[in-house]
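Input: a single structure, listed below in structure tokens.
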Amino acid sequence: MIRSMTAFGAARADTDHGSVSIELRSVNSRFLDLHFRMPDELRALESPLRELLTKAVARGKIEVRASIQRRLSTDPESINVAALEQAATLFRKVQAVLPDVQPPRLSELLSWPGVQAAEESEDTWREAALRAAAEALTQMQEARDREGERLAAMIADRADSVAAIVGEVEQRMPQLVQEYRERLARKLRDTVEAAFPGGFQNIRGEELSERLAHEATLFGLRIDVAEELSRLHSHLAELRQLIGKGGAGKKADKGSAGKRLDFLFQEMNREANTLGSKAGGLEVTRAAMDLKLLIEQMREQAQNIE
């Protein structure tokens, strides 16, 4: 399965004390790179969350954002007066340095750690946070799968264009050799006639044919791109297997598709460069340029694949 590295997932889980929200944002990266932005109450969950993500994701830069929304009680008996006094003392000290600072709102005071009399522990938020993280991960993976299908379709479309160009070049090569033979015969005739008017008729047909055949053979060897075209066909077959069946018949390494595609496009680009350097005609030169453009477009899309 081709999977993109760019996606988003978010979920919330409720508890008796409030709710925990988890957001996962994934972008491209050569390796798995995890970043956590969490309140102090959830710091202990960084390790299990890292383990959860590492098992599910092979590559990508993932930002994990967690937040707690406490359920505010309207029962006066649930207020911890000592915690409120501590907050008031802190505010007076801040105001002594910054006289213009505004006092906190009631909702902010009630959400201050310890103000609510209900006791909280590490386990208060743990189960909810892990449930929210699992749901957010599922959403992110589903989004990565959908985007992966779109990327695979785009690459497959470019691959069909590459195959069409390779087929055209294969059909064109024998004609290029024949056209060169005809140009060489005209040039030889014109040269002999210019140096010795009427002298061309004195050259034996066997000698002329042999010379033309020899030059045409040398030209054909110089522009022979059969090996490059054959390798391009082989690379296209491997490409279709990667984006279509995902390595059917064998177990692929987790997250290896993107790296394998990147290497494959490097090899295809090398063959296109060789094809351009051996081009025996303007059409083949243009074909090589078109191939390089298509391969680069596929390579850019592959940068998003896990």
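Per the listing A44, A87, A83, the residue uniquely surrounded by 14 or more Cβ atoms within 10 Å (Cβ to Cβ) and in the same structural domain as T138 (by the TED database) is A44. Exactly one residue out of D14, D33 is outside the structural domain of L239 (by the TED database), at pLDDT below 95 and among the acidic types (D, E): that is D14.
Yes or no: the stretch 163-175 includes at least one residue that is over 36 Å from the mean Cα position of the chain (by Cα) and either modelled with pLDDT of 65 or more or open to solvent by 60 Å² or more (accessible area, probe 1.4 Å) (or both). Yes; the residues of the stretch 163-175 include at least one that is over 36 Å from the mean Cα position of the chain (by Cα) and either modelled with pLDDT of 65 or more or open to solvent by 60 Å² or more (accessible area, probe 1.4 Å) (or both). Residues satisfying the criterion are present in the stretch 229-244 (criterion: at pLDDT below 85 and either within 18 Å of the chain's Cα centre (by Cα) or loosely packed, with under 14 Cβ neighbours inside 10 Å (or both)).
Contact map, the stretch 284-306: residues that are more than 23 Å from S26 (Cβ to Cβ) and touching a residue at least 12 places away in the same chain (Cβ under 8 Å) paired with residues that are open to solvent by 70 Å² or more (accessible area, probe 1.4 Å) and assigned to a helix (DSSP H, G or I), Cβ distance under 7 Å, separation 6+ or inter-chain. Pairs shown: A287/E168.
Exactly one residue out of A216, A288, A279, A272 is touching a Lys or Arg at 6+ places or on another chain (Cβ under 7 Å) and either at pLDDT 60 or above or of a type in the set (K, R) (or both): that is A272.
When the stretch 128-150 is limited to residues that are of a type in the set (K, R) and touching a Ser or Thr at 6+ places or on another chain (Cβ under 9 Å), the one that is surrounded by the most Cβ atoms within 10 Å (Cβ to Cβ) turns out to be R144.
The values are calculated or read from the model by the stated rules, or taken from the named source; none is laboratory data. None of the values given here were measured: they were computed from a predicted structure. All Cβ positions, even for glycine, are placed from backbone atoms using ideal geometry, and neighbour counts span all protein chains on display. Side chains included, ligands, DNA and RNA excluded: accessible areas come from the protein's heavy atoms. Shrake-Rupley method; radii C 1.70, N 1.55, O 1.52, S 1.80 Å.
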